[in-house]
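**Student:** Please find one structure pasted underneath; my questions will follow.
Values quoted throughout were computed directly from the atomic coordinates according to the rules given, and no laboratory measurement underlies them. Values in this document were obtained by computation on a predicted structure and should not be read as measured data. Methodologically, a virtual Cβ is constructed for each residue, glycine included, from the backbone with ideal geometry; neighbour enumeration extends over all protein chains shown.
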Amino acid sequence: MKTTKFSALEEKKILSFIENLAQDAGNLLERYQDKISRLKINYKLAQGVASNADVHSEKLIIKAIKKKFPTHAILAEEAAYKKFKNIASAHKVFKAAEYSWIVDPLDGTTNYLNRFDYYSVCICLAHYGVPYIGVVYRPATGECFFSIKGRGAFVKNLKKKSKAVKIVQAKVSKDFKDTLLVTGFVSEKTYPHSWELRKFRQIMADCRGVRRMGSAALDLCYVASGLWDGYWEQDLAPWDMAAAGLICQEAKVSISDFKGRAFSPFEKSIVAAPFKIHQKLTKILRD
């Protein structure tokens, strides 16, 4: 197996390419949102809704990646439903590929279609299926979260052209009862609905509050930056988690699946929080 990595200079150039591409896709989404009544909406099996805004954003991203990196594999949300039967089959392909791209052209479609600005563009370059360089961009505010594996997590505002600020999750001393958490629910219930609600009630009873915001990627980035104290969700796809999961890792947030196994975008559940809160959440979700 080849283990060639890019040089530090090449990494910076790729990161700049991804940031510019995410902003281009975000600009496209904002233009489409201004004409939202004319958008065509489709319903994806077990994954909620999509619109032609999602599709055109994805086409823009894929075209740019193929032009610059013609030999790289691409796993993008809308195209993935046509190409792969399930996430397991996708994982086999992308684990074997030296370099691959994991793309969500619009994370938070339901929010987007209701003119709620909590949505994002997510682009991640992976190395043998492991997130390597990741960007999550929030078009409405210009916030851009980004990370290169082993080099830390950062945030800056692309619209305001602000300097990047490093994100390091401080040790949280607050008790679980004082935490504000965020979660999500799958669009089509592939798990027993009663289980999800039971766990939600358990966690909600023990903490200060729980929010359900509608973009897994932004939820994870805001855990990394300290806005939310913790996040959990199940039945996600790689494009929901790849870039944002790397950002959490690089911000020193504890991140795993419900069973406490190391983070992978190809697992189907995720818990992210400072260590003490992460322990409490995984204990509740495992029991």
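**Student:** Taking other Cβ within 10 Å of each residue's Cβ, how do S264, S7 sort, fewest first?
**Tutor:** Fewest to most other Cβ atoms nearby, the residues stand as S7, S264.
**Student:** Let me ask another. Search the structure for amide H atoms under 5 Å from the amide H of R211, placed 1.01 Å from N in the peptide plane, and list their residues when 5 or more places away or on another chain.
**Tutor:** Excluding prolines and chain starts, which carry no amide H, the hits are L181, V182, T183.
**Student:** Can you classify segment 176-286 as rounded, prolate or oblate using the Cα gyration tensor, where a ≥ b ≥ c are the square roots of its eigenvalues, rounded means a/c under 1.5, and otherwise it's prolate if a/b beats b/c and oblate if not?
**Tutor:** The shape class here is rounded.
**Student:** For each pair in K149/K252; K95/K268; K12/K159; K12/K161; K252/K280; K149/K280, compute the distance between the two Cα atoms and list the pairs where it is over 21 Å.
**Tutor:** Violating the 21 Å Cα-Cα cut-off are K149/K280.
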